[in-house]
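Report on the following structure.
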């Protein structure tokens, strides 16, 4: 099952976003999103670790014995985490101070182990490297969204440096900063509302797809009356041909004449009337 | 003595691992659906975290520092914790089967619980002595247990709630956790 590079990127950033869709790695997501700069710093660290650990795990995937694979992955991951930690300490001491222990704790971030196990151990080095970058970007984007909301509501400014100085004042002097958004409570509330928003978008796009299918079927020659709701999955499926019916034409002709049964999907019937 | 008490109080309430430091949020949200599971997880974490605080202290000050390998601590600690969890699992299965059947299924999950590694790193960062490290590990884990048990009770009630469709599942949990965190932030005004 080879995947195209663009497919990998789309999946990692949008459709399978590690934070908003897979709901992985909650600790750094909640803890490091007090400002946009912190979120970007955390995201960059995760991108580097994820890309390189994926690359190396993919290269070593035929050598690592199956029984000790998780332990080997953790050693590889913690090697890269240590390297990133030392680099950040040397070149960005303010970020290091703001993120605190969450840089070494990338080792136990479930996103990285999940990608190693689910992707890098089964795919080639190039795909795995791209998957690491894509998932990392997805994580960074999610973190930045949360940090954007929290910093804007919590301070009224954006892009303050990691030590709390600077920042662009967005909201005017009339705005009283709601500092509860910088506190742990704000992290939980913001993330909860954002995930609810994502779920809302998912539900409405599913609903649109469902309506579109019904509409198409209706245009398709009036076969919408032959649709029914599958009792197990709740999806709209074609009604199976009646056993004694000699052929599909017969079934199709019979069905509309039948009175509305429980099985007839309501939206489908309404849609049909509108179209008529 | 007052120092020990302060460490305990801080770790359990004012700097609660979940609601203030955000260590161990994955098991907090994942295994808190029933009070009994939450208590089992909490006890397993308490057990491992107390022992791992002692073990990582010994490894850091008697192995890494003499050889000047402090920068290796992340790798060393995660290996120590993974080995320790494995040993605890084997020991319990052989000698304390009752405890093993209660905690067994949670033990493998603990290796990748950031609370355990977090506690070990905090001990080093704060420069705690051996006794202080063990007390901190134990009381931080008790704070974790307290948080996860409270939240499991809240979750049982949430099963009967009827939220808007978009808020079903995870968002509702996060928002309830946010309200619980608000209650815990009331402790942060207390200083000694």
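List of remarks:
- Helices (runs of 4 or more DSSP H) contained in the stretch A:2-63 and holding at least 3 residues free of Cβ contacts under 8 Å to residues at least 60 places away in the same chain and over 17 Å from the mean Cα position of the chain (by Cα): none
- Single match in B:187, B:170 (criterion: modelled with pLDDT under 90, facing chain A (nearest Cβ under 8 Å) and under 22 Å from the mean Cα position of the chain (by Cα)): B:170
- Going through (1) surrounded by 15 or more Cβ atoms within 10 Å (Cβ to Cβ); (2) modelled with pLDDT of 80 or more; (3) assigned to a helix (DSSP H, G or I); (4) more than 14 Å from every other protein chain (Cβ to nearest Cβ) one by one, residue A:177 falls short only on (3).
- Condition check for residue B:152: modelled with pLDDT under 90 and closer than 25 Å to residue B:36 by Cα: no
- Neighbours by Cβ (under 7 Å, 6+ apart or cross-chain): first from the stretch A:64-86, modelled with pLDDT under 85; second part of a helix (DSSP H, G or I): A:71/B:82
- Residue B:138 being at pLDDT 90 or above and surrounded by fewer than 19 Cβ atoms within 10 Å (Cβ to Cβ): no
- Count - residues of the stretch A:191-213 that are under 21 Å from residue B:15 (Cβ atoms) and more than 8 Å from every other protein chain (Cβ to nearest Cβ): 0
- Which numbered condition residue B:32 misses (of (1) surrounded by 20 or more Cβ atoms within 10 Å (Cβ to Cβ); (2) assigned to a helix (DSSP H, G or I)): (2)
- Checking residue B:13 against (1) more than 13 Å from every other protein chain (Cβ to nearest Cβ); (2) over 19 Å from residue A:183 (Cα atoms), the condition it does not meet: (2)
- Out of A:139, A:159, A:148, sole residue that is buried (at least 20 other Cβ atoms within 10 Å of the Cβ), closer than 20 Å to residue A:34 by Cβ and away from chain B (no Cβ under 14 Å): A:139
- Residue B:5 vs. criteria under 16 Å from residue B:131 (Cβ atoms) and either out of contact with any helix residue (DSSP H, G or I) (no Cβ under 8 Å at 6 or more places or on another chain) or buried (at least 20 other Cβ atoms within 10 Å of the Cβ) (or both): yes
- Flag if residue A:83 is outside any loop (DSSP other than H, G, I, E, B), away from chain B (no Cβ under 11 Å) and within 30 Å of residue A:165 (Cβ to Cβ): no
- Test: residue in the stretch A:118-127 that is under 23 Å from residue B:30 (Cα atoms) and either free of Cβ contacts under 8 Å to residues at least 60 places away in the same chain or touching a strand residue (DSSP E or B) at 6+ places or on another chain (Cβ under 6 Å) (or both): yes
- Extreme residue, farthest from residue A:28 (Cα to Cα), among residues of the stretch A:48-71 that are surrounded by fewer than 19 Cβ atoms within 10 Å (Cβ to Cβ) and within 14 Å of chain B (Cβ to nearest Cβ): A:67
- Against the criterion of being surrounded by fewer than 20 Cβ atoms within 10 Å (Cβ to Cβ), within 21 Å of the chain's Cα centre (by Cα) and either at pLDDT below 90 or in a helix (DSSP H, G or I) (or both), residue A:114 qualifies.
- Hey, residue B:147 within 13 Å of another protein chain (Cβ to nearest Cβ) and at pLDDT 90 or above or not: yes
- Hits in the stretch B:71-106 - residues which are crowded, with 20+ Cβ neighbours inside 10 Å, within 19 Å of the chain's Cα centre (by Cα) and more than 10 Å from every other protein chain (Cβ to nearest Cβ): B:80, B:85, B:88, B:103, B:106
The values are calculated or read from the model by the stated rules, or taken from the named source; none is laboratory data. Values in this document were obtained by computation on a predicted structure and should not be read as measured data. Heads up, the Cβs are rebuilt from the backbone with ideal geometry, glycines too, and the neighbour counts pull from every protein chain shown.
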